[in-house]
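**Q** After the structure tokens below, expect a handful of questions from me.
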Amino acid sequence: MNALLTYFQQFQVLNKECQDQLLAISRLQHLKKNEILQPIGHTCKTIYFVQKGMARIFYYKDGIDITECFAAENHIIARVESLFTQRPSQKGIQIIEVAEIIAINATQLFALYDQYPAIERLFRKIFEQGYVETVNRLESLQFYNAEERYLNLLHEMPNLLQRVPLKYIASYLGITQVSLSRIRAGVK
């Protein structure tokens, strides 16, 4: 759980009591490749920290599997719109590499906010960063072509091609696998 505490320290310095409270509502899970961490239609009540491995958020559109985002080591992954609205999500979370995930119980976390303002501030900062990442993702789809999005993805996650099936990368970029192959051949 040291990786989780180190991650938190990037956003907010926490005293020992706050750290202990967060660890008390967190549990380590070992997951297999292709395991569904949260199924589509599930109401999110957990925030996940990827300690080891890789996960993705996905959904289906017209029967096609679409990847919304990837989360590798030292990243948080959650269905935030479901977490905050308490409505079932149209998206799921899948493990795409053998993984160690730290699950943080969101109901218990939110109960700590009033008692520990530093914890509330910490998660506000984490969710703000997630919001900025979402806006950046939307803007990349609006303003960059497929090759530029591919190059940006490789810059952000250089070892992604070795870790993730190309079909997930293509759907994340909003292109077909054939188009991705053409782009990859052109940038080598």
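**Q** Suppose only helical runs count, i.e. DSSP H with n ≥ 4. What mean residue ellipticity at 222 nm does that imply for the chain under -39500 (n - 2.57) per run, divided by all residues and rounded to the nearest 500 deg cm²/dmol?
**A** On the way: 9 runs with 91 residues, N = 188.
Only helices count here, giving -14500 deg cm²/dmol.
**Q** Suppose accessible area is computed on protein heavy atoms with a 1.4 Å probe; arrange R137, R87, R27 from highest to lowest.
**A** Numbers: R137 50, R87 155, R27 135 Å².
From most accessible down to least: R87, R27, R137.
**Q** How much accessible area per residue does region 1-130 have, counting only protein heavy atoms and a probe of 1.4 Å, in square angstrom? Mind showing how you got there, number by number?
**A** Working: 6580 Å² over 130 residues.
Accessible surface, normalised per residue, equals 51 Å².
**Q** Further question on the same structure: For region 130-186, place one equal point scatterer on every Cα, skip the solvent, and apply the Debye formula. What is log10 of I(q)/I(0) at q = 0.14 Å⁻¹?
**A** Rounded to two decimals, the profile gives -0.36.
**Q** What's the FRET efficiency of M1 with I66 using the Cβ-Cβ distance as r and R₀ = 30 Å, to the nearest 0.05?
**A** Numbers: r = 33 Å, r/R0 = 1.09.
The formula returns an efficiency of 0.35 here.
**Q** Could you work out which residue, out of P158, P88, P39, moves most in a Gaussian network model of the chain, that is, has the largest mean-square fluctuation with Cα springs under 10 Å?
**A** Among P158, P88, P39, the largest GNM mean-square fluctuation belongs to P158.
**Q** Per 10 Å bin, what is the whole-percent P(r) computed from every C-alpha pair distance within region 83-188?
**A** All Cα pairs, binned at 10 Å, distribute as 11, 32, 31, 19, 6, 1 percent.
**Q** What pairs from K33/K91; K16/K45; K32/K167; K45/K167; K125/K167 go past 23 Å between their alpha carbons? Let's see the in-between values first.
**A** On the way: K33/K91 18 Å; K16/K45 25 Å; K32/K167 19 Å; K45/K167 29 Å; K125/K167 32 Å.
As for pairs spanning more than 23 Å Cα to Cα, those are K16/K45; K45/K167; K125/K167.
**Q** May I ask you to give the percent of accessible area on the chain that is carbon plus sulfur, with a probe radius of 1.4 Å? Write down the numbers at each step before the final one.
**A** Numbers: 5390 of 10430 Å².
Ligands and nucleic acids excluded, carbon and sulfur reach 52 percent.
**Q** Describe numerically, in nm with one decimal, the distance between label points set 7 Å from Cα along Cα→Cβ at Q29 and at N136.
**A** 2.6 nm
**Q** Further question on the same structure: Normalising by the residue count of the chain, find the relative contact order in percent from Cα pairs under 8 Å and 6+ residues apart. Provide the component values of the computation, followed by the final result.
**A** Details: 286 pairs, mean separation 46.3, N = 188.
That works out to 25 percent.
**Q** Under a Cβ-Cβ cut-off of 10 Å, what is the net charge of the residues other than S89 that fall near it, where Lys and Arg count +1 and Asp and Glu count -1? Walk me through the intermediate numbers first.
**A** Details: positive: R79, R87, K91; negative: E81.
Local net charge: +2.
**Q** For region 148-174 and region 59-111, what is the centre-to-centre distance using only Cα atoms, to the nearest Å?
**A** Cα centroid of region 148-174 versus Cα centroid of region 59-111: 19 Å apart.
**Q** Can you give me the angle between helix 117-143 and the longest principal axis of the chain, using Cα atoms only, in degrees from 0 to 90, rounded to the nearest 10?
**A** In the chain, helix 117-143 runs at an angle near 10 degrees to the longest axis.
**Q** State the percent of C-alpha pairs, over all pairs in the chain, separated by a distance greater than 26 angstrom. Present the calculation step by step, with values, prior to reporting the outcome.
**A** Values: 6012 of 17578 pairs.
Summing the P(r) of the chain above 26 Å gives 34 percent of all pairs.
The values are calculated or read from the model by the stated rules, or taken from the named source; none is laboratory data. In this text the structure is predicted, and so the values were computed from the model without any measurement. Note that each Cβ is placed from the backbone with ideal geometry, even for glycine, and that neighbours are counted across all protein chains shown. Surface areas here come from the heavy atoms of the whole protein model, side chains and all, with no ligands, DNA or RNA. Shrake-Rupley method; radii C 1.70, N 1.55, O 1.52, S 1.80 Å.
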